[in-house]
Amino acid sequence: MTELDPFSDPLDYPLYIVTAEAAGERAGCLVGFGSQCSIRPPRFVVWLSRANRTFRVAEQAERLTVHLLRGDQHRLARLFGGETGDHLDKFADVPWHPGPGGSPVLDEAPAWFVGRVQDRIDGGDHVGFLLAPETVSSGPGGRITPLFLTDALDIRPGHPAS
């Protein structure tokens, strides 16, 4: 329990999968902390735990891909949130393609963007990656009902938060 829990417990955040590539290594993880943070210029920040492999790859990456999941994509959330890339190639059985700068794009994601890393912000046990979107894709069908934190409470993290 933390001092912020009474405020944050009632909130239900959308979840994202963030992927990175650097020096021939790919990584990806489920992220609960992310948001648009500027309109002009457009900017988005995602917070990666220092404890996981995706953070270590993202430290060296020029770009990250942020994927929005539909509420029914629990399998992808479980793979990228409940497994660790330290022991498993998460991309082995998932259709994907290299996006701009080689950043992995998951083909099953209904919406995603590749952003160039503008800055890294120390946030304690997480580091914020400030992204300038370069390529944005949203599939047909308009609005997406995303996967939310409460949809994934049964996923045990591949790494502890800190």
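Quick notes on this structure:
- Qualifying positions in region 64-108 - basic (Lys, Arg), open to solvent by 20 Å² or more (accessible area, probe 1.4 Å) and touching a residue at least 60 places away in the same chain (Cβ under 8 Å): 70, 78
- All positions within region 73-91 that are of a type in the set (A, V, I, L, M, F, W, C) and under 20 Å from residue 110 (Cα atoms): 76, 77, 79, 80, 91
- Within region 38-56, the set of residues being closer than 15 Å to residue 127 by Cα and in a strand (DSSP E or B) comprises 44, 45, 46, 47, 48, 49.
- Which numbered condition residue 76 misses (of (1) of a type in the set (A, V, I, L, M); (2) closer than 19 Å to residue 131 by Cβ; (3) in a helix (DSSP H, G or I)): (2)
- Residue under evaluation residue 113, criteria (1) part of a loop (DSSP other than H, G, I, E, B); (2) surrounded by 13 or more Cβ atoms within 10 Å (Cβ to Cβ), criterion not met: (1)
The values are calculated or read from the model by the stated rules, or taken from the named source; none is laboratory data. Keep in mind the model is a prediction, meaning the values are calculated, not measured. Note that each Cβ is placed from the backbone with ideal geometry, even for glycine, and that neighbours are counted across all protein chains shown. These accessible areas exclude ligands, DNA and RNA; they are computed on the full protein's heavy atoms, side chains included. Shrake-Rupley method; radii C 1.70, N 1.55, O 1.52, S 1.80 Å.
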